[in-house]
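First the structure, in the form of structure tokens, and then the observations on it.
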Amino acid sequence: MSKELFKIEDKQSRRNFLTKTSMGLGAMALGSIVGGGQLLAQQLNSTADHSPAPILPNFLPKAKRVVYLFMSGGPSQMDLFDYKPELRAVHGQNLPDSVRKGQRLTGMSAGQTALPMAASAFDFQRHGKSGAWVSELLPHTAKVVDDLCFIKTMYTEAINHDPAITFFQSGNQIAGRPSIGAWVSYGLGSLNENLPTFIVLVSKNAGGQPLYARLWGNGFLPTRHQGVQFRSGKDPVLYLNNPEGYDGMDRRAMLNYLKKLNQFQRDAYNDPEVDNRIAQYEMAYRMQTAVPEVTDLSDEPDYIFERYGPDSRDPGTYAANCLLARKLLEKNVRFVQLYHQGWDQHTYLNGGLRHQAKNTDQATAALITDLKERGLLEDTLVIWGGEFGRTVYSQGKLTGDSYGRDHHPRCFTMWMAGAGVKAGMTYGRTDDFGYNILENPVHVHDFQATLMHLMGINHEQLTFKYQGRRFRLTDVHGHVVHDILS
């Protein structure tokens, strides 16, 4: 090799070195700002069809953690937040064709000869400095409206529960895609090595539409990113405790030998899932100490239980799960999701909706207040909402106390609070019938893109290659709703 060629290659290598080093130092600096020491998701997949974990966050995030309060069944927006006093003048009249515009109905009301409009049976008042309208059913939420950002113009593409919930949780109506929490886990990694990055809590005895573990599944992402469900009772995580007669030393020795066997398998077959299996075993071992500590609510003072309501002393209730969620967020669990069923009021809406509000209102507001007092709301994103809304018209015969509302995907209300979201804001406007959007529509993929943005993720760049295609949470859609960001 000539000296001239050597000099050229030497300059190139030094240039590459300096370039890579400067990028590395920048990444380290950003990591020190973001905190947690987990700038990079560490999981690398060795097969050609799998993507390596991305370098995230793309920019400085506003939110370090998320708690997503999913109200399964479709809460009635016009009976809770989207006040429509004009309906009183047309109560009982048929929904005009000019409003419906031939839009799709479910099989439960498509055969009705009439679609009588039903004004809300509940009183509304303005609250807080923001003057947000809130139903009498939610007196506790009314006290924290100045911390909330209401989005009244959410809309979705699905009209039935299963595809609609799946769409919200995974970005696609067909099951099999990774859930939001799994995407966040894959992209950002953990802030607490002793607890899962993504934890799920489901209210006990809530009834309503069934829920499936695939809603918090990892899809085609590595299995370590699936949500871990914490249950009420003696064993919050199934099969975590040692068998009778087995102690920690036995468990450690067993895991060491098991790790060696798994490493042999990995070396023989080059299967990336083996490393995920090893990581999950090690996480389970660390959780044996961490889980009993974080799920023990006995050290909470009486005033905290009073704040969350009497149900907060009953493990597995929505109120107890809200309190547990706060403890998990304090431990820097990245993504906590609560599921509460029972918002599907096709009949007897007045009684059913009143029951749901009573079970959730106080604890929801308490969580906002608790996070704010502890300084956690500044970098925690709180989300409340279901998979779609309810119709302005009555499903079945309109009577005083037995009517209900069908599914309505065209417009409904969600709210967000905390890190990076404008407080005391109402975004979007629906028509006088609560049937169509007039201003600022927000699609499910827009909501997902905005959530990712607040976590420091460009939703178009967080992808995973599977079966020859690069997938992302927002598919090929989604725009960040910058107007609601602080």
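A few points about this structure:
- Per-residue packing, averaged as other Cβ atoms within 10 Å, sorts the ranges 410-421, 188-199 into the order 410-421, 188-199, beginning with the highest.
- Relative contact order of segment 198-280, pairs being alpha-carbon contacts under 8 Å that are 6 or more residues apart, as %: 27
- Packing-based order for 93-106, 158-171, using average beta carbon neighbours within 10 Å, highest first: 158-171, 93-106
- Per-peptide packing, taken as the mean over residues of other Cβ atoms within 10 Å, places 383-390, 310-317 in the sequence 383-390, 310-317 from highest down.
- Shape of segment 79-213 from the C-alpha gyration tensor: oblate (a/c of 1.5 or more and a/b not above b/c, with a ≥ b ≥ c the square roots of its eigenvalues).
- Loop-resident sites, segment 230-290, for chymotrypsin sites (Phe, Trp or Tyr not before Pro), counting at most 12 other Cβ within 10 Å (DSSP): 239, 246
- Residue exposure sequence - 66, 476 - by fewest surrounding Cβ within 10 Å: 476, 66
- Shape category assigned to segment 273-409 from the gyration tensor of Cα positions, a/c cut at 1.5: prolate
- Taking the number of Cβ atoms within 10 Å of each Cβ as an exposure proxy, the fewest-first ranking of 379, 432 is 432, 379.
- Summary of the geometry: segment 362-438 and segment 183-232, compared by the centres of their Cα atoms, lie 23 Å apart.
- Between segment 264-289 and segment 101-150, the Cα center-to-center distance that results, in Å: 48
- Prolate/oblate/rounded call for the chain, Cα gyration tensor, a/c under 1.5 rounded: prolate
- Normalising the average separation of contacting C-alpha pairs (under 8 angstrom, six or more residues apart) by the number of residues puts the relative contact order of the chain at 28 percent.
- Anchor residue 62: aspartates and glutamates whose Cα lies under 17 Å away (excluding residues fewer than 8 positions away in-chain): 147, 330, 378, 379, 483
Laboratory data are not the source of any read-out in this text; all were calculated from the coordinates shown. Bear in mind that the values here come from a model prediction, so they are computed numbers and not experimental data. In this analysis, Cβ positions are derived from the backbone assuming ideal geometry, glycine residues included, and neighbour counts consider all displayed protein chains.
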